[in-house]
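Written below as structure tokens is the structure these notes are about.
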2 protein chains.
Amino acid sequence: MTTCLRSVIVAGMDTNNAASKLEALGNPTRLSLYRLLVKAGHAGLSVGACQQRLEIAQSTLSFHLKALTQSGLVTQERQSRTLICRANFDLMNALVGFLVDECCADERCQAQTPDAA
Amino acid sequence: MTTCLRSVIVAGMDTNNAASKLEALGNPTRLSLYRLLVKAGHAGLSVGACQQRLEIAQSTLSFHLKALTQSGLVTQERQSRTLICRANFDLMNALVGFLVDECCADERCQAQTPDAA
DNA sequence: GCCACATATCCAGTTTTATAGAATTAATTG
DNA sequence: CAATTAATTCTATAAAACTGGATATGTGGC
């Protein structure tokens, strides 16, 4: 149905912005962590729960988690002693949108943007 | 309409695979290059044309282009003396699909996968 | 075969990541 | 305030990425 899939909105995203987010996801440990949170959905997971599942050193997890939260792809909410982590789905959608933005702008393409130059 | 957008197929993608592709896109220079090719669509662009637009050293472009082609995100076709580069849209779709795969598997979600565990 | 063109590889140097043990901060409970 | 739990920061080290100048390779024309 969609060749260039363009069904999401690109909101306030530029190249450097998007690159830093993709870089955050471009590490096996961080991607595993992110996907763990994607699966967990709105409920999220505590840092400790993530550590148990990923089986990596605490400091290593903290290092990668920091990268994901700083990029905005993961949000955190304190619940007394534990920190709940959640995937930021809106940002993911914006990122995906950016990747396919202006897809085939110089060509005919089934899924052209209405506002493409 | 879709909260977790899941309209593409995840084909032969695993975490390490996806991470290496995301890493390839997670650099401003490479992301600019990739988006240049996305805009160019099926017609693609020669390496020289990319260099003119990006204004970086030849060796630097070659370095980044190699990363993109090795990851499979960009394909190349020789036309006599020039190399035409094209974005691999199918792989991009697979990558996006992987990112949102099993989205909210542990939660109710509008766009659940039919085969999710 | 030689020359011009298009692109890749080699080779530094510099900067950035990734890892994890040890120490530290922060929040809760008694 | 001492003890406990949860998570981060400090520190060091090894590995990898990024850059661009110089050089090499492949391609086509004369």
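The values are calculated or read from the model by the stated rules, or taken from the named source; none is laboratory data. Quick caveat, the model's predicted, so the values are computed rather than measured. Don't worry about glycine lacking a Cβ; one is built from the backbone with ideal geometry, like all the others, and counts go over all protein chains shown. Quick note on the areas: whole protein, heavy atoms, side chains included, nothing else; ligands and nucleic acids left out. Shrake-Rupley method; radii C 1.70, N 1.55, O 1.52, S 1.80 Å.
Within the assembled protein chains, the solvent-accessible surface assigned to B:His42 is about 130 Å², based on a 1.4 Å probe.
In terms of its C-alpha gyration tensor, the stretch A:15-99 has a prolate overall shape, because the principal axis ratio a/c (a ≥ b ≥ c, square roots of the eigenvalues) is not below 1.5 and a/b outweighs b/c.
Counted by Cβ distance under 13 Å from A:Ser46, the other residues give a net charge of +3, where Lys and Arg count +1 and Asp and Glu count -1. Between copies, the label points of B:Ala43, set 7 Å from Cα on the Cα→Cβ line, lie 5.1 nm apart, reported in increasing order to one decimal in nanometres. Taking the Cα centre of the stretch B:24-87 as reference, the dipole from Cβ charges on Lys and Arg (+1) and Asp and Glu (-1) amounts to some 60 debye. Chain A residue nearest by beta-carbon to the axis mapping A to B, with distance in Å: A:Gly26, 2.
Note on A:Met13: accessible area is roughly 30 Å² with a 1.4 Å probe, heavy atoms of protein only. Between this copy and the others, label points of B:Glu107 are 3.7 nm apart in ascending order, each placed 7 angstrom from Cα in the Cβ direction. In this assembly of identical copies, the label point of A:Arg78 (Cα plus 7 Å along Cα-to-Cβ) is separated from its counterparts by 6.2 nm, sorted shortest first. Given a 1.4 Å probe and the protein chains as shown, A:Ser20 ends up with an accessible area of around 50 Å².
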